[in-house]
Amino acid sequence: MSGPGARQPWALRAYLGLAGALAPVWRAGLERRLKRGKETPRSVRQKLGSEYAQRPEGTVVWGHAVGVGEAMALAGVFARLAALRPDCSFLLTTTARTSGDALKRTGLPPRCQHQFAPVDTPGAVARFLDHWRPSLAVWCEMDLWPALIAGTDARQIPRVLVNARLSSASLAKRRWGRWIYQALLPGFRDLFAQNTATVDALVALGAPRERITVSGTIKALVPPLGCDADDLAAWQDALGARPVWLLASSHPGEEALALEAHAGLRRQHPGALLLIAPRAPARGAEVAALAAGALSQAVPLRSAGAHIATEAAAYVADTIGEMGLWYRLAPVALVGGSIAGVGGHNPHEPLALGCAVLHGPNVWNFSESYERLDGLGLSRPVQNADELARAVAAVWASPRAHDSAALSDPQAEAVLTRLLGHLPA
């Protein structure tokens, strides 16, 4: 693809023809999701291209993400760009309702709007792009919708891929559609990969190697998560001087290890409180029952109306969008997904709020970040419950203030500079 008049590769032409024919199927699927509560009437209208907010005057930068973490990362990028380019407005699209909800709770950057991305049919895409007329399109990670990309190409809208990450397993899954990737990837002006393995994978899928830069993760640019100020003050008053720590975004198996460590900590610190925020809030009751059995006492559950822990030894925070509160209350957190074989979760979110980070050995999702942060002493690996308890106690005994300059990732900062270069003067 190279703009108006260029003949599209056969695989892309076939996809677009099929996507157009399946437009009624998309509509029916969205209506079923609406009945099950997975969509709202507004999200359905936006995805079908029948409702939009008013487009601001001037330059619009559009970014697309899927998951909550990717959406928050793009919000961080746009917040930085908004400060550097006060003449620009921003649009952030997601496909998942949870991502949109998270953005609303944490707050959008200045001059930024959120809406749901159009379904990947030529008609919905054309309505979306005709309305918003972005001057730059930024894709986050590998959620590449062919009709949407073809539409931006036809309008000669420059596009950039950021935060790309592909493992050997994910590359193998994508090889079946390599003809589509070979049609889409060459049209990106810049591609920013998290590591060298992703560079090789992108080249294998058709991306020009000379346009790829290893940039680490842009999740280092995520702004501090917000929280309700009144809620924070109420918790701080209730906790007083109690020592607190957090198990953040936990997965099955990680709660048991944290509870074992907590039992040891309470022998030296009888008033210690463990906050547990499971990655999947639906596991809240299960986690509370596990904690109650391990600690031989009732464990309050936030979703059940227990809004503040009083004398409890543990508390289960089974809600979405409140990590900013828990990171502010705890001076130290074990970031989940790193004991279980999940690959770890974002260490930059707790660090941005002054919460020290502990992690297990399985951090391949953020391997570059953890390697750098471990080297700076901003995060620390632990292998078992004894090491975890000692590490938590060490932070309680000697909390340290984080150097904001040390938290900055030079590679992620370089992405901002390159994005600015793609904007009209």
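The values are calculated or read from the model by the stated rules, or taken from the named source; none is laboratory data. A quick note: this is a predicted structure, and the numbers were derived from the prediction, not measured. Here Cβ is always computed from backbone atoms with ideal geometry, including for glycine, and neighbour counts include all displayed protein chains. To get the accessible areas, we keep the full protein, side chains included, count just its heavy atoms, and leave off ligands, DNA and RNA. Shrake-Rupley method; radii C 1.70, N 1.55, O 1.52, S 1.80 Å.
Assorted remarks:
- Test: residue in region 227-248 that is within 21 Å of GLY69 (Cα to Cα), at pLDDT below 95 and within 28 Å of the chain's Cα centre (by Cα): yes
- Only one of the listed residues (ARG279, ARG302, ARG283, ARG267) is farther than 26 Å from ILE218 by Cβ and in contact with a Gly (Cβ under 8 Å, 6 or more places away or on another chain). That residue is ARG302.
- Out of GLY264, GLY240, one residue alone is on the phi > 0 side of the Ramachandran plot and either in contact with a helix residue (DSSP H, G or I) (Cβ under 9 Å, 6 or more places away or on another chain) or of a type outside the set (Val, Ile, Thr) (or both). It is GLY240.
- Only a single item in (1) out of contact with any Asp or Glu (no Cβ under 8 Å at 6 or more places or on another chain); (2) open to solvent by less than 30 Å² (accessible area, probe 1.4 Å) is not met by VAL287, and it is number (1).
- Tally, over region 135-167, of residues that are within 15 Å of the chain's Cα centre (by Cα) and among the polar types (S, T, N, Q): 1
- Filter result for VAL392 (more than 24 Å from ALA193 (Cα to Cα), touching a residue at least 24 places away in the same chain (Cβ under 8 Å) and of a type in the set (A, V, I, L, M, F, W, C)): yes
- Of all the numbered requirements in (1) closer than 19 Å to ALA147 by Cβ; (2) under 21 Å from the mean Cα position of the chain (by Cα); (3) polar (S, T, N, Q), ASN195 misses one, and that requirement is (1).
- ALA294 meets each of the listed conditions (1) free of Cβ contacts under 8 Å to residues at least 60 places away in the same chain; (2) open to solvent by 10 Å² or more (accessible area, probe 1.4 Å); (3) more than 17 Å from LEU257 (Cβ to Cβ) apart from (3).
- In the set GLY123, GLY49, only one residue is at pLDDT below 95, more than 22 Å from GLY321 (Cα to Cα) and out of contact with any strand residue (DSSP E or B) (no Cβ under 8 Å at 6 or more places or on another chain); that residue is GLY49.
- Condition check for ILE212: aliphatic (A, V, I, L, M), in contact with a strand residue (DSSP E or B) (Cβ under 9 Å, 6 or more places away or on another chain) and at pLDDT below 95: no
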